[in-house]
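**Student:** Below is the structure I would like to discuss, written out as structure tokens.
The values are calculated or read from the model by the stated rules, or taken from the named source; none is laboratory data. These numbers were taken from a predicted model, which means no experiment stands behind them. In this analysis, Cβ positions are derived from the backbone assuming ideal geometry, glycine residues included, and neighbour counts consider all displayed protein chains. The protein model used for the area step is the full one, side chains on, heavy atoms only, and it has no ligands, DNA or RNA in it. Shrake-Rupley method; radii C 1.70, N 1.55, O 1.52, S 1.80 Å.
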Amino acid sequence: MFRATVEHNGDLVTLRIEGRLSGPCLAELEQCWSQIHAGNGTHRIVVDLKEVTFVSSQGKQLLERLCRAGARLTADGLMTRALVEQIADSVGQEKHI
Amino acid sequence: MSHVPQPAEDASAEQRYRALLEVTDAVALHHDLDQLLHDLAYRLRKIVRFDSVSFALHDPAANLMRIAHIESFGQDLPVPKTMAINDSASGRVWQTGEPLVLPDLSTAPPLGPVLKALQSCGFHSCCVLPITVVDRRLGALALASREKNAYGSADLEFLQRVAEQVGLAVDNVAQRQQALAYQEQIASERDRLRLLLEVNNVLVSNRDIRDLFPAISGCLRRVVAHDYASLALLQPDASLLRLHALVFPEGKGLVHEEMLFAVEGSAGGRALAQCRPLLADPLDPAEFPAEITSRMVSEGVRCACWLPLVTRNAVLGTLSVASLTEHAIRQDDVELLAQVASQVAIALENALAFREIAQLKDKLAQEKLYLQEEIHSQYNFEEIVGESRLLRTVLQQVETVAPTSATVLILGETGTGKELIARAIHDLSTRREQTFVKMSCAAIPTGLLESELFGHERGAFTGAIVQKVGRLELAHKGTLFLDEVGDIPLELQPKLLRALQEKEFERLGSTRTQRVDTRVVAATNRDLAQMVEEGTFRRDLYYRLNVFPVRIPPLRERREDIPLLVRYFAQKFCRTINRRIETIPSETMEALVAWSWPGNIRELEHMVERAVILSPGPVLNVPIAELRPTNGDVHNLERLEDAEREHILRVLREAGGVIGGSDGAAVRLGLKRTTLHFKMKKLGISRVDV
């Protein structure tokens, strides 16, 4: 199961992801991201991974791309937090746990 | 206009015979009795003297004499159309079969109202002759004259011949009329049978009765004129009928499809209760007080017929046909409609059964999807956690073999995730939409294994009370995962080999060969090659299974995945039991990485689950003491430290000596950069060693 929700709060756009980030859901997330990214100009975009239960290696690569494109990742839980740290390390971004 | 011939003078014998021939010709010429008798009257008048001639026929139904035709020349005769047998000369002649000559009516005995009427109109003599055929008497031919003694013996003889011809003619006409009546009856029956056939054809052409009801009404209209036809279905509680289909082009909308009406007080309800057709002509709301009746009457319906739709198994509803005209539906129409209703009832029952089957099929498909989703979410088959080189190699093998239909043999220790890999092969194959069937050969008693795998027929053995489809058949077009394939008994192996090679087998107790297209993925933690050498596993089956072997490394060979797995399981169990754990102490993680994990991932998973349960605070509290080697394992511990040193060195070399960064040794080992530095220092590893 996978669900992506977009929330607008002032100049902050939050993309909340729930469930498993793997397989066909990745294309869906990428499309969702493209729409947000194209329509938000200078807004800050946060990708909230608190409710993510699994991230495949392709999912990790996608998150890295989002991070490089300006998204900030936030996470909760041991696995996703370690993942966010690892991605932040690799793209040289400040960590937002 | 016919020319009225003058009464004949005494005719010669030749003239009479010629006239007789003309009579014969006329008999052959005319098929209509009235026209024939009219023609005969004119022809006879040329030969025989008479001023009036009548043909009376016996009516068997009323047992009286009925005037079939009368011709009088000069004036109209006030004679009745029917006469009692005993009160008329014609009746007596018909009765006796003997001719009657009355030369002078004034001296004749009283012979009923007809002769009296003749006498009063100036007739003086008459002659009456029986009209007969070989096997029966038909009536009488009567001639009357205004002259006395008009009929002599020669006339009588001639007229008897004429009467014989008339008898033949009357018989011919009667036979013809009967034949025509039979023909009409047969044509009517043919039309009705054709109608039933057409209705049947319409019924079998479509399972949706509502769609085809207008066509049924159209067929019926050719035989039974009607303005309204409807089909009402009895609702589950049997107190209401729902108008399922309606054909009423002239309707104003007072009666419409989907309307519900009470069974009680309706004509349809009575037809259902009595289980026979009901004709209401005229339709009277006082007799049927339900609202539907007054609505129909308001719509202009004057007569209507309700037919119960009943099959052997169920009472379904009513078919009704109605007209805006009174007496438009006859009793014989009702019989035909009853036959149509029987066909509609069967079709309706079939349609309802098909609808139920379709609903159940959809429900099963939905349940299957739901259960598949449940299996996926419960066991996380998509979630193969790890980034180690060995695991990546396995996943590459899976991606390579999955799209083919090749048999795969998964080898690996217990708890390494063989089923996960088997499901990954299925999910990446073209069979992913079909069923993945799992069978653990070790979990099923040997005696039942054959039945489970190949299925059995009813009565194949004691206890086989129903037919059973085997797992091989269940996985048709899909994948069969044979876990612990090394536990398949030797005697069953040839049958499995045949099923794999020939794609065919027989169920237990059956001689019919089943053909299946099933991909087999087998798994074992046993050394099949060794078993072949020992003679406990067939060599041919081993080669058949070992088409594409995939070896899953034990956890101790991919220690760099342990931190990922620990975090993954910890987060999963935290969510399950609603705990919040923030950190895992580095000593704990080191201990977990260092442990040999003989039970592999399954053991690790259970260990983490227990640790989460035992951790009330934000720190994961793993019972590390359990991971310390016992006294007998000290030598192993020394070797383990050596192994850890060697492993770190190998990863450092693979990373080109780089410790940090996304491709550095720390990430590859699942450690923080500082932890790796600490470990290197502890194990005496320097960059020079790399």
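**Student:** Mind checking which strands (runs of 3 or more DSSP E) fall wholly inside region B:461-564 and carry at least 2 residues that are crowded, with 17+ Cβ neighbours inside 10 Å and β-branched (Val, Ile, Thr)?
**Tutor:** Numbers: elements: B:479-483, B:504-506, B:513-515, B:519-524, B:548-551.
So the answer is B:519-524.
**Student:** Taking the conditions exactly as written (more than 14 Å from chain B (Cβ to nearest Cβ), in contact with a helix residue (DSSP H, G or I) (Cβ under 7 Å, 6 or more places away or on another chain) and free of Cβ contacts under 8 Å to residues at least 60 places away in the same chain), does A:GLU30 satisfy them or not?
**Tutor:** Numbers: more than 14 Å from chain B (Cβ to nearest Cβ): yes; in contact with a helix residue (DSSP H, G or I) (Cβ under 7 Å, 6 or more places away or on another chain): yes; free of Cβ contacts under 8 Å to residues at least 60 places away in the same chain: yes.
In short, yes.
**Student:** For region B:204-225, name all the residues that are over 15 Å from B:GLN343 (Cα atoms) and open to solvent by less than 10 Å² (accessible area, probe 1.4 Å).
**Tutor:** The answer is B:VAL224, and nothing else.
**Student:** Regarding B:LEU319, is this residue open to solvent by 10 Å² or more (accessible area, probe 1.4 Å) and modelled with pLDDT of 90 or more? Break it down into steps so the answer makes sense when it comes.
**Tutor:** On the way: open to solvent by 10 Å² or more (accessible area, probe 1.4 Å): no; modelled with pLDDT of 90 or more: yes.
Here the answer is no, as B:LEU319 does not meet what is asked.
**Student:** Out of B:THR400, B:THR414, B:THR404, report the one residue that is within 50 Å of the chain's Cα centre (by Cα) and in a loop (DSSP other than H, G, I, E, B).
**Tutor:** On the way: B:THR400 fails: in a loop (DSSP other than H, G, I, E, B); B:THR414 fails: within 50 Å of the chain's Cα centre (by Cα).
Step by step, each of B:THR400, B:THR414, B:THR404 is checked, and only B:THR404 is within 50 Å of the chain's Cα centre (by Cα) and in a loop (DSSP other than H, G, I, E, B).
**Student:** Could you please find all residues in region B:469-506 being basic (Lys, Arg) and more than 18 Å from B:LEU448 (Cβ to Cβ)? I'd like the intermediate steps shown before the answer.
**Tutor:** Applying the first criterion (basic (Lys, Arg)) to region B:469-506 yields B:471, B:477, B:495, B:498, B:503.
Matches in region B:469-506: B:LYS477, B:ARG498, B:LYS503.
**Student:** Could I ask something else about it? What are the pairs with Cβ atoms under 9 angstrom where one residue, in region B:383-400, is at the interface with chain A (Cβ under 10 Å from one of its Cβ atoms) and more than 13 Å from B:LYS418 (Cα to Cα) and the other, located anywhere, is charged (D, E, K, R) and in a loop (DSSP other than H, G, I, E, B)? Sequence gap at least six, or different chains.
**Tutor:** B:GLY386/B:ARG558
**Student:** May I ask you to list the residues in region B:438-461 that are farther than 18 Å from B:THR513 by Cα and of a type outside the set (Phe, Trp, Tyr)?
**Tutor:** Of everything in region B:438-461, those that are farther than 18 Å from B:THR513 by Cα and of a type outside the set (Phe, Trp, Tyr) turn out to be B:LYS438, B:MET439, B:SER440, B:CYS441, B:ALA442, B:ALA443, B:ILE444, B:PRO445, B:THR446, B:GLY447, B:LEU448, B:LEU449.
**Student:** State whether the residues of region B:277-293 include one that is under 19 Å from B:GLY218 (Cβ atoms) and surrounded by fewer than 21 Cβ atoms within 10 Å (Cβ to Cβ).
**Tutor:** As a first pass, look at region B:277-293 and keep what is under 19 Å from B:GLY218 (Cβ atoms): none.
No, there is no match, as no residue in region B:277-293 is under 19 Å from B:GLY218 (Cβ atoms) and surrounded by fewer than 21 Cβ atoms within 10 Å (Cβ to Cβ).
**Student:** Among the candidates B:ALA144, B:ALA154, B:ALA163, which residue alone is assigned by TED's automatic domain parsing to the domain that holds B:TYR42 and in a strand (DSSP E or B)?
**Tutor:** Criteria check complete, one pass: B:ALA144.
**Student:** What are the pairs with Cβ atoms under 6 angstrom where one residue, in region B:424-440, is assigned by TED's automatic domain parsing to the domain that holds B:PHE481 and in a loop (DSSP other than H, G, I, E, B) and the other, located anywhere, is open to solvent by less than 30 Å² (accessible area, probe 1.4 Å) and of a type in the set (Val, Ile, Thr)? Sequence gap at least six, or different chains.
**Tutor:** Note: pairs meeting the criteria are B:ARG431/B:THR479.
**Student:** Within region A:1-17, how many residues are closer than 25 Å to B:VAL385 by Cα, open to solvent by 50 Å² or more (accessible area, probe 1.4 Å) and either among the β-branched types (Val, Ile, Thr) or modelled with pLDDT of 85 or more (or both)?
**Tutor:** Quick first cut of region A:1-17, residues closer than 25 Å to B:VAL385 by Cα only: A:1-4, A:15-17.
Those left that are additionally open to solvent by 50 Å² or more (accessible area, probe 1.4 Å): A:1, A:3, A:16.
From the residues that got through so far, the ones that are either among the β-branched types (Val, Ile, Thr) or modelled with pLDDT of 85 or more (or both) too are A:3, A:16.
Result for region A:1-17: 2.
**Student:** If you don't mind, there's one more thing I want to ask. Can you give me the number of residues within region B:152-186 that are open to solvent by 80 Å² or more (accessible area, probe 1.4 Å), of a type in the set (Val, Ile, Thr) and in contact with a helix residue (DSSP H, G or I) (Cβ under 9 Å, 6 or more places away or on another chain)?
**Tutor:** Residues flagged as open to solvent by 80 Å² or more (accessible area, probe 1.4 Å), of a type in the set (Val, Ile, Thr) and in contact with a helix residue (DSSP H, G or I) (Cβ under 9 Å, 6 or more places away or on another chain) within region B:152-186 amount to 0.
**Student:** Oh, and also: Here are B:GLN359, B:GLN343, B:GLN331: which of them is more than 14 Å from chain A (Cβ to nearest Cβ), open to solvent by 50 Å² or more (accessible area, probe 1.4 Å) and free of Cβ contacts under 8 Å to residues at least 40 places away in the same chain? Please lay out each step first, then the result.
**Tutor:** Numbers: B:GLN343 fails: free of Cβ contacts under 8 Å to residues at least 40 places away in the same chain; B:GLN331 fails: free of Cβ contacts under 8 Å to residues at least 40 places away in the same chain.
Unique residue meeting the criteria: B:GLN359.
**Student:** Give just the number: which of (1) out of contact with any Phe, Trp or Tyr (no Cβ under 8 Å at 6 or more places or on another chain); (2) within 14 Å of another protein chain (Cβ to nearest Cβ); (3) among the acidic types (Asp, Glu) does A:ASP11 not satisfy?
**Tutor:** So A:ASP11 meets the others, but not (2).
**Student:** Select, from B:GLU189, B:GLU198, B:GLU147, the only residue that is of a type in the set (Asp, Glu) and surrounded by fewer than 14 Cβ atoms within 10 Å (Cβ to Cβ).
**Tutor:** B:GLU189
**Student:** Same structure again: Would you mind stating whether B:ALA365 is at pLDDT below 90, hydrophobic (A, V, I, L, M, F, W, C) and not assigned by TED's automatic domain parsing to the domain that holds B:ARG312? Outline the logic, then answer.
**Tutor:** Details: at pLDDT below 90: yes; hydrophobic (A, V, I, L, M, F, W, C): yes; not assigned by TED's automatic domain parsing to the domain that holds B:ARG312: yes.
When the stated conditions are applied, B:ALA365 passes them.
Residue-by-condition table, conditions (1) more than 9 Å from chain B (Cβ to nearest Cβ); (2) under 25 Å from B:ILE577 (Cβ atoms); (3) out of contact with any His (no Cβ under 7 Å at 6 or more places or on another chain); (4) buried (at least 20 other Cβ atoms within 10 Å of the Cβ):
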residue: A:LEU26; (1), (2), (3), (4): yes, no, yes, no
residue: A:ARG44; (1), (2), (3), (4): yes, no, yes, no
residue: A:GLN61; (1), (2), (3), (4): yes, no, yes, no
residue: A:ALA75; (1), (2), (3), (4): yes, yes, yes, yes
residue: A:MET79; (1), (2), (3), (4): no, yes, yes, yes
residue: A:LEU83; (1), (2), (3), (4): no, yes, yes, yes
residue: A:ASP89; (1), (2), (3), (4): no, no, yes, no
residue: A:GLY92; (1), (2), (3), (4): yes, no, yes, no
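**Student:** Further, regarding this structure: Does B:THR446 satisfy being open to solvent by 50 Å² or more (accessible area, probe 1.4 Å), of a type outside the set (D, E, K, R) and in contact (Cβ under 8 Å) with a residue 60 or more places away in the chain?
**Tutor:** Values: open to solvent by 50 Å² or more (accessible area, probe 1.4 Å): yes; of a type outside the set (D, E, K, R): yes; in contact (Cβ under 8 Å) with a residue 60 or more places away in the chain: no.
No: the conditions fail for B:THR446.
**Student:** Among residues belonging to region B:318-368 that are within 25 Å of the chain's Cα centre (by Cα) and of a type in the set (Asp, Glu), point out the one that is farthest from B:LEU243 (Cα to Cα).
**Tutor:** B:GLU367
**Student:** Which of (1) among the basic types (Lys, Arg); (2) farther than 21 Å from B:GLU383 by Cβ; (3) away from chain B (no Cβ under 14 Å) is the odd one out, the single condition A:ARG16 does not satisfy?
**Tutor:** (2)
**Student:** Determine which single condition B:LEU36 fails, assuming it passes every other condition in (1) at pLDDT below 85; (2) under 60 Å from the mean Cα position of the chain (by Cα); (3) not β-branched (Val, Ile, Thr).
**Tutor:** Exception for B:LEU36: condition (2).
**Student:** While we're here: Taking the options B:ALA56, B:ALA62, name whichever one is part of a strand (DSSP E or B) and open to solvent by less than 60 Å² (accessible area, probe 1.4 Å). Reasoning before the result, please.
**Tutor:** On the way: B:ALA62 fails: part of a strand (DSSP E or B).
Answer to the check: B:ALA56.
**Student:** If you go through region B:571-589 one residue at a time, how many are of a type outside the set (S, T, N, Q), assigned to a loop (DSSP other than H, G, I, E, B) and more than 10 Å from chain A (Cβ to nearest Cβ)?
**Tutor:** We begin by selecting, within region B:571-589, every residue of a type outside the set (S, T, N, Q); these are B:572-575, B:577, B:579-582, B:584-585, B:587, B:589.
Still in the running and assigned to a loop (DSSP other than H, G, I, E, B): B:579-582, B:584-585.
With more than 10 Å from chain A (Cβ to nearest Cβ) added as a condition, the list becomes B:579, B:585.
Adding up the residues that qualify gives 2.
**Student:** Let me ask you something else. Anything in region B:272-330 that is of a type in the set (Lys, Arg) and part of a loop (DSSP other than H, G, I, E, B)? List them, or say none.
**Tutor:** Initially, region B:272-330 is screened for residues of a type in the set (Lys, Arg), giving B:276, B:295, B:302, B:312, B:330.
Of everything in region B:272-330, those that are of a type in the set (Lys, Arg) and part of a loop (DSSP other than H, G, I, E, B) turn out to be B:ARG276, B:ARG302, B:ARG312, B:ARG330.
**Student:** I've got another one for you. Which members of region B:243-270 meet the condition of being in contact with a strand residue (DSSP E or B) (Cβ under 7 Å, 6 or more places away or on another chain) and touching a residue at least 60 places away in the same chain (Cβ under 8 Å)?
**Tutor:** B:HIS244 - this is the single residue of region B:243-270 that is in contact with a strand residue (DSSP E or B) (Cβ under 7 Å, 6 or more places away or on another chain) and touching a residue at least 60 places away in the same chain (Cβ under 8 Å).
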